[in-house]
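Nothing in this text is a laboratory measurement; each read-out follows from the coordinates by a stated rule. Owing to the predicted nature of the structure, the values given are computational and were not obtained by experimental measurement. Heads up, the Cβs are rebuilt from the backbone with ideal geometry, glycines too, and the neighbour counts pull from every protein chain shown.
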Amino acid sequence: MTEHDLAQIAQSIRLEVLEEIVKAGKGHIGPALSWVEIGVALYFAPVLNISEVGFDSPERDRFILSKGHGCQTFYAILRRLGVLESSSPNSKPLPGHPDVDIRGVEANSGSLGHGLGVGLGLALAAQSQGRAYHTYVLLGDGELGEGSVWEALMLAGHLQVQNLTAIIDRNGLGATASTEDMLRLEPLRDKLEAFGWNVARIDGHDMQSIVGALQGEQMCRPKVIIADTVKAKGVPFMENDVAWHHKVPTEVQAERARASLQEEG
């Protein structure tokens, strides 16, 4: 697909995320909207080989949404791929965090801090079984306050696990405040390099940069991409406002958001 095609998919997903959260009356719109371009690059560029081998193939690449509260974007992607049924006015909302009972979901991710460890296990399993699949894990930057994340980072770096890529959604905001106020992460790149990872830092909304970083050389060690993003990207009155981590738009606010997204699209 062209960059224009991918941009159009991203906008349609943003609109779907908005509508699903309004319909359900709950959800995390800010965390969902910040990783839309990353998800589109993974599934539609495509970076993942899933469309070639199928969602049930043991050779498929694995993707884990560790920041599971951003799942509405994931569900919209799976609907567009035909893995989930299209939403309808009478359909029941899907769970607020990914669940393995949903086709296309590789791991439950309600509690933060577990996704990278699970992804490391999948990557090591591929190596032990002689399989060629690659594992990708998307983490939130607030999630990096969990010690289990750094245990997985340390072990993957030590073992030089080449078939593992982590992506950090670096929107700078946790659930209640900025990440730097809650638990300082910077200099993040230096820390990750010290743990033995190949690190790239990119604009997390620029499709060419995302695809280039995901498809770039692995360099005999695990790769981590720090994707600088904007929380609630695409809806100006929500962007970079921590209140929209889990606030649900009123109908008036939803109409404003629709107008912004349709205008940008």
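Quick notes on this structure:
- For segment 72-135, the set of chymotrypsin sites (Phe, Trp or Tyr not before Pro) satisfying both a DSSP loop assignment and a count of at most 13 other C-beta atoms within 10 Å is empty.
- 3J(HN,Hα) from dihedral phi, segment 110-115, Karplus parametrisation 6.51/-1.76/1.60, rounded to Hz, x for glycine, proline: x, 7, 6, x, 9, x
- Least to most buried among 135, 165 (fewest other Cβ within 10 Å first): 135, 165
- Neighbour-count order for 180, 16, fewest beta carbons within 10 angstrom listed first: 180, 16
- Each Lys or Arg adds one and each Asp or Glu subtracts one; over the other residues with Cβ under 11 Å from the Cβ of residue 32, this totals +1.
- Prolate/oblate/rounded label for segment 1-110 (Cα gyration tensor, a/c 1.5): oblate
- Of the GluC sites (Glu not before Pro) in segment 64-149, those whose Cβ has at most 12 other Cβ within 10 Å and which sit in DSSP loop: 85
- Cα lying deepest toward the dipole's positive end in the chain, options 121, 249, 149, charges on Cβ: 121
- Here's the list of lysines a cross-link from residue 23 could span, going by alpha-carbon distance under 17 Å and ignoring same-chain residues fewer than 8 apart: 92, 247.
- At most 13 other Cβ within 10 Å, DSSP loop - GluC sites (Glu not before Pro), segment 181-265: 217
- Applying the Karplus relation 6.51 cos²θ - 1.76 cosθ + 1.60 with θ = phi - 60° to segment 247-257 yields 3J(HN,Hα) values of 6, 9, x, 6, 5, 5, 5, 5, 5, 4, 5 Hz, where x marks Gly and Pro.
- Largest-first ellipsoid semi-axes for the chain, taking √(5λ) over the Cα gyration tensor eigenvalues, angstrom: 28, 21, 17
- Across the chain, the longest piece that holds none of the trypsin sites (Lys or Arg not before Pro) lying in DSSP loops with up to 15 other C-beta atoms within 10 Å covers 185-265.
- Dimensionless Rg ratio for segment 33-165, taking C-alpha atoms and the 2.2 N^0.38 Å reference: 1.05
- Rounded to the nearest 20, the size of the Cβ-charge dipole of segment 130-217 about its Cα centre is 280 debye, with Lys and Arg at +1 and Asp and Glu at -1.
- Karplus 3J(HN,Hα) series, Hz, for segment 92-97 with 6.51 cos²θ - 1.76 cosθ + 1.60 (x for Gly, Pro): 7, x, 6, x, x, 9
- Computed from point charges on the beta carbon alone (+1 for Lys and Arg, -1 for Asp and Glu), the dipole magnitude for the chain about its Cα centre is near 360 Debye.
- 0 to 90° range, to nearest 10: angle between helix 71-80 axis and the chain longest Cα axis: 90
- Per residue, the chain reaches -12500 deg cm²/dmol at 222 nm when only DSSP H runs of four or more residues are counted, each adding -39500 (n - 2.57).
- The local environment of residue 246, defined by Cβ-Cβ distances under 13 Å, has a net charge of +3 under the rule Lys, Arg +1 and Asp, Glu -1.
- Around residue 232: net Lys/Arg minus Asp/Glu count, Cβ-Cβ under 9 Å: 0
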